[in-house]
Amino acid sequence: MRPAWALEYRSTGRAALLYDAPSTTAGKVAIAGNGLPLEIVVDAGAWIKVRDPNGHLAWVEKSALGGPKKVMVKADVSLIRQLPRSDADVVFRAARGVLLDITSETDTYGWLPVKHADGLAGWMPVYEAWGQ
C-alpha cells in the first residue's frame, strides 16, 4: 500500500458503494453519489481508502473514481462572484453541500473558478470549498 502524503482529492465518476474494508464482500457503509469529491488516504491498487466530506473513512473501488473534478460547498452559503474579488458582482449563491465543477486552477489569491450544473459560472473563495 502507498499512503498519500499530500492532500489529494478525486471525484466519483458514478454512484459508488463505500465499504468498511477493501473487498466487495466487506460491509457496505454508504453510497457515494456521482461527482462526490473524496480525499485519498491510501492507494492500495484496485482499492482506495477515502475520507468523505463528513470525515468518515471508507474503502472504494478505484474504478469508481475519475469523474470530472468537483468541490462541495462547505460554507452555509457561498457567494459565487463574476470575478475573483470579494467586491465583484455575485453571479449566484450556492448552499452548503452543493457540488460545483472546477473549471481551472485556483488563482494565486485563493479564488477557485467553478461552474454550477445549470451552467452559471464564477469564482468562489477556496476556503469555502471541500475537495480542492
Solvent-accessible area, 1.4 Å probe, carbon plus sulfur percent, for region 35-89: 49
Cα shape, region 27-71, gyration tensor, a/c 1.5 rule: rounded
Cα centroid of region 1-75 to Cα centroid of region 112-129, whole Å: 22
Longest site-free stretch - the chain; sites: chymotrypsin sites (Phe, Trp or Tyr not before Pro), DSSP loop, at most 12 other Cβ within 10 Å: 6-108
Using a Förster distance of 41 Å, the FRET efficiency for ARG93-SER63 (Cβ separation, nearest 0.05): 0.70
Choice from GLY45, GLY110, GLY13 showing the highest fluctuation, given a GNM over the chain with Cα pairs closer than 10 Å: GLY45
Calculated FRET value between HIS56 and ALA121, using beta carbons and R₀ = 41 Å, to 0.05: 0.85
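The values are calculated or read from the model by the stated rules, or taken from the named source; none is laboratory data. Small disclaimer: the values here were computed from a predicted structure and weren't measured. Every residue, glycine as well, gets a Cβ built from its backbone with ideal geometry; the counts of neighbours run over all protein chains shown. Surface accessibility is based on the protein's heavy atoms, side chains included, excluding ligands, DNA and RNA. Shrake-Rupley method; radii C 1.70, N 1.55, O 1.52, S 1.80 Å.
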